[in-house]
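Structure record follows, encoded as structure tokens.
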Amino acid sequence: MIVHSLAQRVLAEVPIDETLSSYSDTTYQTAFALYAVAMIAAIVYYAMYREPRSTTHMSADVRQAESQEAPDGTVLVRSTSLTGSGEEDKRSDRGTSWAKISLLFTSAAFLFHAASVLLRGLATDRVPLGNMYEFISFTCLLAIGTSLVVLRKPALRTAWPFVLAPVLVLLFFGGTSLYSDAAPVVPSLRSYWLPIHVSIIGLGAALFLPSGIASILYLLRTWQPKGQEQGRFAGLARPLPGAEVLDRVAYRTAIIGFPIFSVGIILGAVWAEGAWGRFWGWDPKETVSFISWVIYAGYLHARSTSGWGPKRAAWINILGFATTVFNLFFINIVVSGLHSYAGLN
């Protein structure tokens, strides 16, 4: 009790730079506004998108030569690149300037967003990962960064509205309902494990976001009721990248994110042993993290096994993404546990 009280006094004496904290909030708000403009431009580009004639009139012989049929009837194109077959290089006949505007504003927003995270850390003289507001901001920053890399191909730019939408929702929710003033972290988080464990988990979650979105778009692209030539979402989904490209983005992004997420869980267990005297105690957050890990392991296994097919695997990936979001919000905010450091009043 005496040691705990002393630690609180020491933390209370850590100075907070209110000026830098104010700058951090301003750059956060600026980034949000720029992301919103990028979202509008991305939607306009999506609405104006028209497939080039060379893609629309590709001969059946060429399509057959470049593709193979999966067990569930989905046609997948062979490729050795991250995203695909050359189809990701196709360009719209219309609205390309809106795609450039969206990418420009997204890149500018990313820089302001990064400045916000950096200024928050300088204002508090610590790694800015001590509460839900900071963790959401950091994870969204990484999600945008990975998306700028994964979605850099021309045809993949039509996926940006679906990536920016959840990021804007998270940033709005984080900057309003979950906002916390710049302050020292609780004593139990004053550890060198904080930046290591939380940043690795955040990177894994950031990679799962474009992976999960790609699987959702894949199902939207391929959804077709029995007895109908086209599904009701055919017109809406037409500007999206090809199904095989979306499937490949989801799979290969998850391949990168899964080992990172796994390392984050392992290092969290090491930290837990030092902080709480046990590696694993089935705390609510630990339990849901383990469930997410099992689901993603199942997705990667299902996606690499020919008997499952990409459609069934996509549903597993979406389930894993849903449990990750559930773990981020519900477990941290509603459920009480050893990981309850949301910073909420």
Quiz item: If you count, for each residue, the other Cβ atoms within 10 Å and average over each peptide, how do 155-167, 206-218 line up from highest to lowest?
Solution: 206-218, 155-167
Quiz item: Karplus couplings for the stretch 172-180 from phi (6.51 cos²θ - 1.76 cosθ + 1.60, θ = phi - 60°), rounded to Hz, Gly and Pro as x?
Solution: 5, 5, x, x, 10, 5, 9, 5, 10
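Each value in this text was obtained by applying a stated rule to the coordinates, not by laboratory testing. Being a predicted model, the structure only gives us computed values, none of them experimental. Neighbour counts run over all protein chains shown; Cβ positions are idealised from the backbone, glycine included.
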